[in-house]
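FYI, it's all coordinate maths here, none of it is from the lab. As the structure is a prediction and not an experimental result, all values here were calculated from the model. Here the Cβ positions follow ideal geometry from the backbone for every residue, glycine too, while neighbour counts run over all protein chains shown.
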Amino acid sequence: MARKLGLALFALFSLAVILTWAAGQGWFGAHESMGEPAAAERGAALRQSEAKALREAATGIGVWKPKQILFGDLHVHTTYSLDAFLFSIPPIGSEGAHPPADACDFARHCSALDFWSINDHAEGLTPRLWRETAEAIRQCNAVAGDPANPDTVAFLGWEWTQVGSTPADHYGHKNVVLAHTEPERIPKRPIDASRFLVGAGTSPYGLGLVALLSGGRVHDYARFTAERAAVPRCDPDAEEHELPDECIESAATPEVLFRKLREWGHDAMVIPHGTTWGFYTPPGSAWDKQLTRDQYDPELQRLLEVYSGHGDGEVYRSWREVEFDAEGKAVCPEARRDYLPMCVRAGQIIRARCEAADLGAAECERREQEARLNAAAAGVAAHRTVPGARGTDWLDAGQCRDCREPAYHYRPKSSAQYILALGNFDDAEQPPRRFRFGFMASSDNHYARPGTGYKEVHRRGFSESLGRPGGARGPIARRLQPPVEEPTLESRPFTYETPSFEVFETERQASFLTTGGLVAVHAEGRDRAAIWDALERKEVYGTTGQRTLLWFELLNPPGSRGRTVPMGGEVEMREAPIFQVRAVGSFEQKPGCPDDAAAALGPEDLERICKGECYHPSDQRRRVTRIEVVKIRPQREEGEDVASLVTDPWRSFGCEPDAMGCTATFPDPDFARDGREAVYYARVFETPIQGVNGDNLRCSFDAAGNCTSVTLCPGDAGDADDCLGEKEPRAWSSPIFVDFGGKAR
């Protein structure tokens with residue numbers, strides 16, 4: 001009897017193990033479908049009214065024969081991205097699947113974009129998912145109407161998601177956007193960075209147990225990860241065209257990524273983004289190493305994303321997150337009025353605990369200094385060196401105090417201004433190597449919602465903000481946060497080799513996530529080729545989500561006979577350049593959605609995809625309040641101090657309260673006297689509004705201006721809290737590059 005009972009128990013145990021393993025392998029889940037877009041194109045009447053409004057605005061501000069200004073989003077994720085899939089699983093997220101077809105419908109009918117691209121993380125894409133992505137984009141374009149005058153142009157692409165554990169091996173994230181969609185004109189597979197993979201290392205038994213207990217989307221997630229794990233890695237030494245279709249291709253550095261794209265030979269563009277986002281970027285990271293001959297390709301890398309749903313990455317600051325001694329060891333810098341390093345705050349927290357325990361001044365001083373060293377050495381995991389510290393304990397440590405909507409844990413030596421100021425002097429007999437990026441913005445939305453910044457609503461879904469009071473709940477949700485620990489009286493060292501969500505500080509991040517930006521192009525037409533041409537010549541600009549109209553040009557290039565040089569252009573001259581900026585404010589939005597969107601999607605999808613709020617312009621424009629111009633003089637010798645080369649603002653012009661817009665015309669008399677190249681770009685501001693996380697940490701300040709307490713997003717209202725705060729909608733022109741007596745490469 002006992003033997004039979006033992007055999008029965010063993011059989012049950014074996015069955016449980018097999019079921020758990022099978023669940024972890026995704027046997028009970030469904031393959032993530034690409035979906036099918038709505039069959040209706042966007043109404044022609046809306047496009048005609050937009051074109052008419054542009055002509056009237058351009059004429060009103062004195063623009064003669066304007067190109068079309070088209071708005072798009074070149075940074076969009078669907079649940080084909082592993083992290084986006086995770087966000088769709090209760091209780092992390094509550095919306096379920098948002099496949100590529102949803103992104104198409106949102107771009108067309110919710111945000112009414114002129115163009116967009118899909119950029120799911122290559123680290124989660126199998127060759128099968130890549131083929132389905134390409135087919136979904138082709139289906140989206142098939143609904144666009146006349147190819148010469150489409151309602152929306154959908155571009156194909158992916159994200160190369162590289163994360164290093166030290167400044168030396170960190171290159172960051174880059175979106176690859178392809179000009180074409182036909183099978184014979186695109187790579188057979190995306191190229192990942194292989195360094196960082198959400199969900200990597202998860203045991204099939206652990207995941208299987210969670211799937212059996214939770215059901216639903218967790219089974220689908222197990223299927224998703226198992227499909228990825230089943231595909232072998234490509235031979236890294238083989239030529240691109242010799243590789244089999246079914247393998248995962250990787251590039252560990254930009255050099256390898258660029259080489260592989262050149263070997264494919266298809267028209268492509270690589271757009272760095274999130275450069276200052278310190279969530280994953282190690283403290284002390286700098287873009288100098290990406291200006292070397294090997295890591296630099298100006299033909300592929302033409303544009304830089306200066307703003308997204310992860311905040312602003314434009315401005316340079318001279319403070320440092322950490323410093324390094326002669327041996328390369330991280331050292332904690334002192335606090336400044338405009339910056340509180342994480343390592344300094346770590347010491348303050350430990351000292352306060354020590355003093356509360358009455359351990360004596362000398363001992364508390366020792367522990368404070370030890371905490372500083374441990375936090376400085378821990379990189380992005382500085383918060384893990386102080387057990388029991390919560391997000392509110394860190395106040396505004398690590399954040400740019402005088403930036404507008406800054407990226408979380410700001411990294412100034414990866415900012416747009418720093419990047420444009422750099423020079424590389426490795427080739428002594430050649431002019432210094434330069435980055436000459438055009439500026440753009442996009443959303444980085446992970447809910448298949450391109451262009452969400454048209455209204456400051458729906459923090460959950462229109463931004464990446466997922467935070468909840470008390471932290472994440474459930475076994476999968478807890479994987480995105482460090483463990484809850486009891487406070488200790490001493491700091492501890494913390495090291496890691498592979499970055500992961502458990503390493504990163506997530507609790508305060510929700511306070512820095514916005515509804516995202518847009519990229520605008522000055523194009524000769526609405527079709528794919530015209531948009532691509534504008535992107536390649538860098539006649540583009542970025543906004544914080546609103547549709548500001550912006551023109552920036554050099555009026556007096558030599559030998560021009562009345563022709564001007566638009567934003568993104570390069571020119572060589574010796575006399576004083578004269579510039580002109582013209583800007584017209586965006587339209588105020590009406591609530592709800594236009595009738596065309598409701599008719600195309602139907603009530604259920606209008607709510608599921610658009611959340612009941614669409615781009616719905618009134619006939620009233622917001623006021624442009626001021627125009628600022630930034631001037632940067634790139635380094636002309638190695639080691640030249642960048643802070644002295646960036647003048648922000650160099651010129652500032654207040655604007656009259658005129659709905660017709662604002663114009664500023666100005667020379668630079670110092671250019672000829674300085675005798676060195678210069679870079680100029682315009683920044684335009686609209687009337688302040690209430691925006692999602694416009695006030696970030698919502699600090700309370702003492703009389704000296706120190707942040708003494710924070711209200712993290714969301715507050716007590718939880719998911720209903722849109723975390724609104726005042727923000728100024730902005731737009732950034734691409735720079736104009738003016739050389740003096742010679743042209744940099």
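As a test, work out the antiparallel percent of DSSP beta bridges whose residues both lie in the chain, rounded to the nearest 5.
Numbers: 72 of 91 bridges.
Within the chain, antiparallel bridges account for around 80 percent of the total.
Rank-order 713-722, 660-669 by packing density, defined as the average count of other C-beta atoms within 10 Å over each peptide's residues, highest first. Walk me through the numbers on the way to the answer.
Values: 713-722: 15.5, 660-669: 17.4.
With the highest mean Cβ count within 10 Å placed first, the list reads 660-669, 713-722.
Please report the net charge: other residues with Cβ closer than 13 Å to the Cβ of E604, K and R +1, D and E -1.
Details: positive: R608, K611; negative: D102, D105, D605, E607.
In short, -2.
Add +1 for every Lys or Arg and -1 for every Asp or Glu among the other residues with Cβ under 13 Å from the Cβ of P167, and state the total. Numbers along the way, then the final one.
On the way: positive: K289, R320, K329, R411, K413; negative: D169, D288, E321, E323.
Once all neighbours under 13 Å are counted, the net charge is +1.
What are the DSSP H helices in the chain that stretch 27 Å or more along their long axis, judged by alpha-carbon atoms, and whose average Kyte-Doolittle hydropathy comes to at least 1.0?
Values: long enough: 2-24 (32 Å, 1.58).
Sorted by number, the helices that extend far enough and score high enough are 2-24.
Please give the charge dipole size of the chain, origin at the Cα centre, charges +1 on K and R Cβ atoms and -1 on D and E Cβ atoms. Round to the nearest 20 debye.
Details: 85 positive and 110 negative charges, 112 e Å.
Charge dipole, the chain, about its Cα centre: 540 debye, nearest 20.
Could you put H170, H458 in order, starting from the residue whose Cβ has the fewest other Cβ atoms within 10 Å?
With the fewest neighbours first, H170, H458 line up as H458, H170.
So which of K289/K413; K260/K413; K52/K538; K174/K260; K67/K590 end up more than 18 Å apart by C-alpha?
K260/K413; K52/K538; K67/K590, as the Cα separations exceed 18 Å there.
Could you sort 289-298, 351-360 so that the peptide with the highest average Cβ count within 10 Å comes first and the rest follow in order?
On the way: 289-298: 16.3, 351-360: 14.5.
Most protected by this proxy first, the peptides run 289-298, 351-360.
Take E502, E327 and order them by how many other Cβ atoms sit within 10 Å, fewest up front.
Values: E502 15, E327 5.
Listed from fewest to most nearby Cβ atoms, that is E327, E502.
Contact order normalised by length for the chain, with contacts defined as Cα pairs under 8 Å and 6 or more residues apart; what percent is it? Please list the in-between numbers first.
Working: 1816 pairs, mean separation 112.4, N = 745.
Dividing the mean separation by the residue count of the chain yields 15 percent.
Would you mind counting up the charge near G26? Only other residues with Cβ under 15 Å from its Cβ, with Lys and Arg at +1 and Asp and Glu at -1.
+1
Mean residue ellipticity at 222 nm from the helices of the chain, using -39,500 (n - 2.57) per DSSP H segment of n ≥ 4 over the full residue count, to the nearest 500 deg cm²/dmol?
Helices in the chain give a 222 nm mean residue ellipticity of -7500 deg cm²/dmol.
What is the fewest-to-most order of Y680, Y205 by other Cβ atoms lying within 10 Å of their Cβ?
Numbers: Y680 25, Y205 13.
Ordered by Cβ neighbours within 10 Å, fewest first: Y205, Y680.
Towards the positive end of the charge dipole of segment 223-360, with charges on Cβ (+1 Lys, Arg; -1 Asp, Glu), say which of I350, A229, L340 has the farthest Cα.
I350
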